[in-house]
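Everything on this sheet refers to the single structure shown next.
The values are calculated or read from the model by the stated rules, or taken from the named source; none is laboratory data. Just so it is clear, the model here is predicted, and its values are computed rather than measured. Here the Cβ is made from the backbone with ideal geometry for all residues, glycine too, and neighbour counts use every protein chain on show. Keep in mind that these areas ignore ligands, DNA and RNA; they rest on the heavy atoms of the full protein, side chains included. Shrake-Rupley method; radii C 1.70, N 1.55, O 1.52, S 1.80 Å.
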Amino acid sequence: MDELGAPRRKVWQDLLVLAVVAAEAVTSALLAVTQVELWQSLIMLGLGALLLLRHRQWSWLLPLVLALNALSGSAAVLIIATYCFATRSHHRLRTLLVSLLAVVSGAIPTLVAFSGTSSLGIMGLVLTALIVAASAATGMYTSTRRMLLAQLQQRAEQAESGRAAAEEQARRAERTRIAREMHDIVAHKISLVALQAGALEVNPALERAQVQQSAGLIRETATTALSELREVLGVLRGDGDEAPLAPQPSWEDVRRLVTTSKDAGITVDLFDFIDDPVPDSLARTAYRVVQEGLTNIHKHALHTRARVALIGEPGTDLVIEVSNVLPKGFTTDLPGARMGLSGIETRVTHAGGTITSGPTDDGRFEVRAVIPWPTAT
């Protein structure tokens, strides 16, 4: 629409310019009493036609039109040419010089017509200067406004592009972290499978009960590994990154986060309604959600009261709520760009759950994750 709108706008502007100049020329011709005044009317029409070429050749054409306007004394040509030059020129000195040219050329017909009356000639000069000043000032204001709007639009586009890039970077970083964690778990379990299978291979004389027990361990370990591999489908690791083996957070580490946060200065209450053992993969996701929620509180709401609620049981959903009272008048220098929340959203989504964050009706800011809790097999 913008590409089509600009040519249409130029056409309407050209028609309006031509109509205004033509109206003045026709009026001048109808009121003409001498041959000179008729010629002035024709010159007005010619200058109006030249103004139609102002879009590309404005830098030299508009000053020429203003200089030739001394022969016609057209007020419309004076105003339009001065305004158009001021809107296009970014050099204030050039605009001032062209405005002086406009004053001189516009005042010449008045000074010639009232050469015998000095007071009327001075009044005409002052009136011409005021008209030119108003036209030039309006043109410069329009030029400045256009530049500011263009800069604001460019900044808005850059900010939007930067925000999208930052969020995508956060998602990629979180995917890489998930992939590394899965590498740790899967590598460990596959190693167990290999050891258990190797034990069967080197001990062919094992009793049936021992073989069944080893086979059961292999099946259980492989099933767990496959289950966790499904979680990592679609998660890409960074090329060339080596994932060091490291212990992964457990459910006890989730509870320990609250204690650590209390030691760091956060007033936080834990409402733990979990009685059943939590699978390791689910515990890791819960750990990251609680960790990110408490980290944000530490950054942006250190002096408010916080709450962590853990609710759920196997076969339903694990509900994690991390909230705090919205601070009043508290500010922080720590940056916050929702990068962590974007990463946690990716993690929870991969686990098949949903996550929301934002103010609540009771005056709190809440991060709430709902993650499926499969039953034990």
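Scoring Gly121 on the criteria (1) at pLDDT below 85; (2) open to solvent by 30 Å² or more (accessible area, probe 1.4 Å) leaves a single failure, condition (2). Of all residues in region 330-375, those that are open to solvent by 80 Å² or more (accessible area, probe 1.4 Å) and at pLDDT below 70 total 5. In summary, Leu229 fulfils each of the numbered conditions (1) in a helix (DSSP H, G or I); (2) modelled with pLDDT of 80 or more with the single exception of condition (2). Of all the listed residues (Ala70, Ala32, Ala102), the sole one being of a type in the set (A, V, I, L, M), open to solvent by less than 50 Å² (accessible area, probe 1.4 Å), under 19 Å from Val21 (Cβ atoms) and in contact with a Pro (Cβ under 8 Å, 6 or more places away or on another chain) is Ala70. Within region 41-58, restricting attention to residues that are open to solvent by less than 50 Å² (accessible area, probe 1.4 Å) and not aliphatic (A, V, I, L, M), the residue that is modelled with the highest pLDDT is Gly46.
Which one is farthest from the chain's Cα centre (by Cα), of the residues in region 199-224 that are modelled with pLDDT under 70 and not polar (S, T, N, Q)? For region 199-224, the residue satisfying everything is Val202.
Results for (1) farther than 23 Å from Gly139 by Cβ; (2) under 37 Å from the mean Cα position of the chain (by Cα); (3) not small (Gly, Ala, Ser), shown as yes or no for each residue.
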site	(1), (2), (3)
Ala22	no, no, no
Val33	yes, no, yes
Leu38	yes, no, yes
Met44	no, no, yes
Ala49	no, no, no
Gln57	no, no, yes
Leu66	no, no, yes
Ala70	no, no, no
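Does at least one position in region 147-160 carry a residue that is open to solvent by 100 Å² or more (accessible area, probe 1.4 Å), in contact with a Gly (Cβ under 8 Å, 6 or more places away or on another chain) and either at pLDDT below 70 or not charged (D, E, K, R) (or both)? No, region 147-160 contains no residue that is open to solvent by 100 Å² or more (accessible area, probe 1.4 Å), in contact with a Gly (Cβ under 8 Å, 6 or more places away or on another chain) and either at pLDDT below 70 or not charged (D, E, K, R) (or both).
Within region 347-375, residues that are without any contact (Cβ under 8 Å) to a residue 24 or more places away in the chain have Cβ atoms under 8 Å from residues that are surrounded by 14 or more Cβ atoms within 10 Å (Cβ to Cβ) and of a type in the set (Val, Ile, Thr) in these pairs: Thr349/Ile355; Gly352/Ile371; Thr354/Val348; Thr354/Val370; Thr356/Val367; Ser357/Val367, counting only partners at least 6 apart in sequence or on another chain. Can you tell me which condition Thr82 does not meet? The list is (1) open to solvent by less than 20 Å² (accessible area, probe 1.4 Å); (2) modelled with pLDDT under 90, and all the others hold. It is condition (2) that Thr82 fails.
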